[in-house]
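Some notes on the structure that comes next.
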Amino acid sequence: MIISNAYAQATGGGDAGIIGFLPIILMFVLLYFLMIRPQMKRAKETKAMIEALQKGDEVITAGGVLGRITRITDAYIGLEIAPNTEINVQKASVQVLLPKGTLKSLQ
């Protein structure tokens, strides 16, 4: 006939093996060092800061509330936000540990 049969041919390179997966492996290594590792480091620092909280520390919560710690339990802390005004918040909501005397300078 006029139309000839077409047969599949292998490319000239042959089997690439691990060289073909090298760009993908490189992307995962880059992802680990640029995103995963710094996030794990931040989480570890935050956990250490929360475990080191003491009575009298001045903190900022996730909601933006500033106060001085008056009580500490396993999961909650008592936060004095004004004279004779205390609220209970979760320990995990503490975002920043302020230097001593910061609250006095803000009033």
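The values are calculated or read from the model by the stated rules, or taken from the named source; none is laboratory data. Every value quoted in this text rests on a predicted model; they were computed, and no experiment measured them. Methodologically, a virtual Cβ is constructed for each residue, glycine included, from the backbone with ideal geometry; neighbour enumeration extends over all protein chains shown.
Would you be able to say whether some residue in segment 82-92 is in contact with a Gly (Cβ under 7 Å, 6 or more places away or on another chain), within 17 Å of THR102 (Cβ to Cβ) and either part of a strand (DSSP E or B) or modelled with pLDDT of 95 or more (or both)? No, there is no match, as no residue in segment 82-92 is in contact with a Gly (Cβ under 7 Å, 6 or more places away or on another chain), within 17 Å of THR102 (Cβ to Cβ) and either part of a strand (DSSP E or B) or modelled with pLDDT of 95 or more (or both). The set of residues in segment 69-78 that are within 19 Å of LYS47 (Cα to Cα) and touching a strand residue (DSSP E or B) at 6+ places or on another chain (Cβ under 7 Å) comprises ILE69, ARG71, ALA75, TYR76, ILE77, GLY78. Identify the residue in segment 46-81 that is assigned to a strand (DSSP E or B) and in contact (Cβ under 8 Å) with a residue 40 or more places away in the chain and, among all such residues, is surrounded by the most Cβ atoms within 10 Å (Cβ to Cβ). Top of the filtered list is GLU58.
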